[in-house]
Amino acid sequence: ADVAIVVVATTSSEGSDRANLSYDDASLALVNSVTAAAGNKTLVVAVTPGAVLLPFMDDAAAVIVSIMPGQEHGNGLRDVLWGRTNPAARLPITLPNIDNEVALTEAQYPGIGDGPVATYSEELLVGYKWYAAKGVEPKACFGHGLSYTTFAYSNLTIRTDISSAVVSVTAMVTNTGDVSGDEVAQLYLGYPPESQEPLLQLRSFTKAKLLPGESTTVMFALGTQAVSIWDTGTHAFVQQAGTFSVSVGASSCDIKLTGTFAI
């Protein structure tokens, strides 16, 4: 066969959470047997309600992660696989390498005691922010997505307008491939060290639809709240002062351009 398509699924519902992030043994055995026979001609469609383990990702040509896809899933898959549509979706979560990679404790979830009471000791290090802070590479990064074309980033500019309290960030995105496609450019902000915020925080994103060889300038506007953090003492957002870092790229792990500005 030219390609082998394997569909596996796991689910959860209100009052019926998954016991872990793995697919069941039968599903994993099916994927392993097909990849053993078809090798890199295997495409795995992984249906899931949220984060899931993909131990077979390196053995397949590609994995399509379908998060709660709904009744039009089949039609959507057909259009993407047959090239009628160039995929442009991006992961809204981070996919871990192993179960409980972030070392959550029972005190964090589901909580302990008669209450029970959950202690949010992870503080702000949730999802991709934990991976960035710990220097751990996940199985698949927040914001990642495949395309039938490729894109290049260039010409980062950062302008601070004190009078309007807006930071303007622009970058050029170019379709360097042979087919039309959509790129989702993402802006991550890093706060001054004294703010004690996570290293990367998504603050804006925009989609650019480009023909082969076409370039466009994507624009991001950061207002006052984007450079502020919540003060638990005053119960209000407080604008931070100092040097901020700007990272623009295709995912939380695939940063193409970096710069700084000061307030």
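Mind checking which of Phe142, Ala226, Gly213 is farthest towards the positive end of the chain's charge dipole, using Cβ charges of +1 (Lys, Arg) and -1 (Asp, Glu) about the Cα centre?
Gly213
If we sort 223-231, 186-194 on the protection proxy, mean other Cβ atoms within 10 Å, highest first, what's the order?
Working: 223-231: 14.4, 186-194: 18.9.
Per-residue Cβ counts within 10 Å, averaged per peptide and sorted highest first, yield 186-194, 223-231.
Just how many pairs of Lys in the chain have C-alpha atoms closer than 25 Å, counting pairs that are eight or more places apart or on different chains?
9
Take Thr11, project a point 7 Å from its Cα along the Cβ direction, then tell me which residues of segment 62-82 have their backbone nitrogen under 17 Å from it.
66-74
Calculate how many DSSP beta bridges within the chain are antiparallel, expressed in % of all such bridges and rounded to the nearest 5.
Working: 45 of 57 bridges.
Of those bridges, close to 80 percent are antiparallel.
Using a 7 Å offset from the Cα along the Cα-to-Cβ direction at both Ser168 and Ser228, what is the distance between the two label points in nm, to one decimal?
The two pseudo-label positions are separated by 2.2 nm.
Calculated from the structure, Kirkwood radius over Cα pairs in Å equals which of (1) 18.9; (2) 20.9; (3) 19.6?
The value computed from this structure is option (2).
Using a Förster radius of 45 Å, what is the FRET efficiency between Val238 and Asp2 based on their Cβ-Cβ separation? Nearest 0.05, please.
Details: r = 58 Å, r/R0 = 1.29.
It comes out at approximately 0.20.
Using label points projected 7 Å from each Cα along Cα→Cβ, tell me how many nm separate Ala29 and Met68, to one decimal.
According to this spin-label approximation, the distance is 3.1 nm.
For a quick check: with amide H placed at 1.01 Å from N, whose amide H comes under 5 Å from Val65's, ignoring anything fewer than 5 positions away on the same chain?
Ala46
Pull out the extension gain between Leu124 and Met57, defined as 0.36 nm times the separation in residues minus the alpha carbon to alpha carbon distance; nm, one decimal.
Working: separation 67, 0.36 × 67 = 24.12 nm, distance 2.90 nm.
Extending this stretch completely gives an extra 21.2 nm.
When the chain is fully extended, how far beyond the present Cα-Cα distance does Thr216 get from Ala107, taking 0.36 nm per residue of separation?
34.4 nm
Which peptide among 253-263, 116-126 comes first, and what is the full order, when sorted by highest mean count of other Cβ atoms within 10 Å?
Values: 253-263: 14.5, 116-126: 12.0.
Ranked from most to least packed, the peptides come out as 253-263, 116-126.
Each reported figure results from applying straightforward, stated rules to the coordinates on display, with no laboratory input. Everything quoted here is computed from the prediction, not taken from an experiment. For neighbour counting, all protein chains shown are included, and Cβ atoms are generated from backbone atoms with ideal geometry for every residue, glycine included.
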